[in-house]
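Q: Provided herewith is a single structure, encoded as structure tokens, for subsequent inquiry.
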Amino acid sequence: MTYFAEYSAFIVVLAWISQALTVTYNLGVSGYLLVGTISALYLVLSGLIAIPMGHLTDKFGRRALSLTGCLLGCASMLTLLAVGGSGSLTGFLVGVAFSLTFLGLGHGTYTSSTLAYVGDVSESADMGKSYGIIEDAEFASYVFGPGAGGVIAVLVGREQTFVVSAVIFLLAAAIASKSMSGSPQSMGGSVRPDMMAMGGVESSKAVQPETNQGVSWAAYFGVLKDSTVAVTIGTTVAVSLAFTSYLLYVSVYAQDLSSVSLVRDIGAASGTIMATTCILTMIPIGLYEDRSGRRMILLVVGMVLGSLALALVFSNPSVWTFLGSSLIFGTALAMARISQYVILSERSNDSTRAAIMGTNHAFEHAGYGLGALAGGVMTAVLGDAATFRYLAVALLLSALFFFFYASSRKMK
């Protein structure tokens, strides 16, 4: 609900800000520059903020910080409504800055708290399924939320869309308040020191916390020094970079084709096909991962398949090429993302999990930004086909590196 509330409003927010700057305040094309800058800064900062907010989630509990994140999201929407009638450009920009700050803080908070909560209440035997479910909800909101927001804006108006999102944030807060329990960290506190072994898959779910003394930046950095955690987060950057490049530039490439219209149409829809495939395969892949117990091999196979899809999509433009690469890449992305979350959850514990998930989220956003930048620059310099061949090679090399590293550690 939090992700849907955020992403259904965000594109509408940008359009609303754009119209205000370019028309109401007569900034012309300079208004678009400001909107682009705002969007880029939001993407980076909302990822980075997940690290300290994740640490606070470890310290003060999942429920408290989930509530905080939902209320910050609601406040951001209400702030936009308040500044909508501002008569001065300065007042409008200050109000928008406060709104997006609230939304960025909320994003980092409810992301780290919900991802950590899933790890808290899941046993190792069903962690893949659990992260498959939560990733389905997050990814579906990320991909389809903007479209839903556009429909809502058409039906009720742009500013009323902010009201709808504010209400959804409040409903999410009510659910968090009522239902987030059963975790040692849901109400604050930490696990016993004897349960804080690095990377221990041993469950600490039954331990009832007494104090917050186990939650510290030192404990967080101790987990972050674990090379498996660092390497897994590195794969997150590689996969996120490839994902953004695929989502943005395959559709652009398809629009430039002058051949059969059906080929252009399927190519233009490749991002949607890829995302839908990812959503449909996440839970089955999570279930398989639980039954097989193989985290590493699924992550490696996912990255290899993603590399194949990147190389395939520009090999010979056709309906089957675009369709096949979209299906392959969507499945590959589901395999990689679930494996990454399960590995990180198992390598952390209840007093560090939210901060580690927040760190992974920050690097995920960094990968998104790098993918958008690198894809655009490389396409301009090298052309479409060469760009995606290089990206395919980069993802393949990342997969091989992780495979040899994990094999040396005897990871399954």
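Q: Evaluate the relative contact order of the range 222-408 (contact order divided by residue number), counting alpha-carbon pairs under 8 angstrom at least 6 apart; express in whole percent.
A: Values: 246 pairs, mean separation 69.1, N = 187.
Across the range 222-408, relative contact order equals 37 percent.
Q: Give me the percent relative contact order of the chain, please, defined on Cα pairs under 8 angstrom at least 6 residues apart.
A: 26
Q: Still on this model: Give me the distance in nm between label points sitting 7 Å out from Cα along the Cα-to-Cβ direction at Ala230 and Glu159, one decimal.
A: Using points 7 Å along Cα→Cβ, the separation is 5.2 nm.
Q: From Cα pairs below 8 angstrom and at least 6 apart in sequence, can you work out the relative contact order of the range 2-187, rounded to a whole percent?
A: On the way: 231 pairs, mean separation 73.4, N = 186.
Relative contact order here is 39 percent.
Q: Now for a separate question. Test of understanding: given the chain, find the longest segment containing no GluC sites (Glu not before Pro) that are in a DSSP loop and have at most 15 other Cβ atoms within 10 Å.
A: Working: sites that count: Glu123, Glu202, Glu210.
With a cap of 15 other Cβ atoms within 10 Å, the longest stretch comes to 211-412.
Q: Please rank Lys178, Lys59, fewest neighbouring Cβ atoms within 10 Å first, as an exposure proxy. Mind showing how you got there, number by number?
A: Details: Lys178 9, Lys59 21.
In order of increasing Cβ crowding within 10 Å: Lys178, Lys59.
Q: Right, next: Run lengths n ≥ 4 of DSSP H only: what is the helix-derived mean residue ellipticity at 222 nm for the chain, with -39500 (n - 2.57) per run over all residues, to the nearest 500? Present the calculation step by step, with values, prior to reporting the outcome.
A: Numbers: 15 runs with 325 residues, N = 412.
Computed ellipticity for the chain at 222 nm equals -27500 deg cm²/dmol.
Q: Let me ask something else. Mean Kyte-Doolittle of at least 1.6 plus a Cα span of 18 Å or more along the axis: flag which DSSP H helices in the chain meet both, please.
A: On the way: long enough: 2-19 (26 Å, 1.08); 29-48 (29 Å, 1.74); 62-83 (31 Å, 1.38); 89-121 (47 Å, 1.03); 127-156 (40 Å, 0.87); 158-179 (32 Å, 1.15); 227-255 (42 Å, 1.26); 270-292 (31 Å, 0.61); 296-312 (24 Å, 2.69); 319-347 (42 Å, 0.91); 353-382 (41 Å, 0.68); 384-408 (36 Å, 1.37).
Long hydrophobic helices here: 29-48, 296-312.
Q: Give me the one-decimal nm value for the distance between modelled label points at Trp217 and Ser88, 7 Å along each residue's Cα-to-Cβ direction.
A: Rounded to a tenth, the inter-label distance reads 3.7 nm.
Q: When the chain is fully extended, how far beyond the present Cα-Cα distance does Asn26 get from Ser315, taking 0.36 nm per residue of separation? Let's see the in-between values first.
A: Working: separation 289, 0.36 × 289 = 104.04 nm, distance 4.63 nm.
Computed gain between Asn26 and Ser315 is 99.4 nm.
Q: Hey, another quick one. Go ahead and set up a Gaussian network model of the chain, Cα springs under 10 Å, then flag whichever of Val44, Val215, Val23 fluctuates most.
A: Val23
Q: Provide Rg over Rh for the chain; use the alpha carbon set for both Rg and the Kirkwood Rh (inverse mean inverse pair distance).
A: A ratio of 0.98.
Q: Gap in Å between the Cα centre of the range 247-315 and the Cα centre of the range 364-412?
A: For the range 364-412 versus the range 247-315, the Cα centre distance is 14 Å.
Q: Same structure, new question: For the range 222-408, what is one quarter of the convex hull surface built on the Cα atoms, given in nm²?
A: Numbers: hull surface 41.7 nm².
Directional mean of the projected Cα hull area for the range 222-408 stands at 10.4 nm².
Q: Shifting gears a bit: Do any of Lys59/Lys410; Lys59/Lys178; Lys129/Lys225 go past 22 Å between their Cα atoms, and which?
A: Numbers: Lys59/Lys410 33 Å; Lys59/Lys178 20 Å; Lys129/Lys225 28 Å.
Violating the 22 Å Cα-Cα cut-off are Lys59/Lys410; Lys129/Lys225.
Q: Next question, about the same structure. For Lys178 and Leu370, what does the FRET efficiency come to when R0 = 51 Å and r is the distance between their Cβ atoms, rounded to the nearest 0.05?
A: Working: r = 39 Å, r/R0 = 0.77.
Computed FRET efficiency for Lys178 and Leu370: 0.85.
Q: Among Val313, Val151, rank each residue by its count of other Cβ atoms within 10 Å, from fewest to most, as a rough exposure measure. Please report the intermediate quantities before stating the final value.
A: Working: Val313 28, Val151 11.
Fewest-to-most ranking of Val313, Val151: Val151, Val313.
Q: Starting from the eigenvalues of the Cα gyration tensor, five times each then square-rooted, give me the equivalent ellipsoid semi-axes of the range 306-354, largest first, whole Å. Walk me through the numbers before you get to the answer.
A: Working: eigenvalues 238, 12, 7 Å².
Equivalent ellipsoid of the range 306-354: 34, 8, 6 Å, largest first.
Q: To the nearest Å, what is the center-to-center distance of the range 111-160 and the range 1-57, using C-alpha atoms only?
A: Spelled out, the Cα-based centre of one part sits 19 Å from the other.
Just so you know, all these numbers are worked out from the coordinates, no wet-lab data involved. Treat the numbers as computed from the prediction; the structure is a model and nothing was measured. Glycine also receives a Cβ, built like all others from the backbone with ideal geometry; neighbour counts cover every protein chain displayed.
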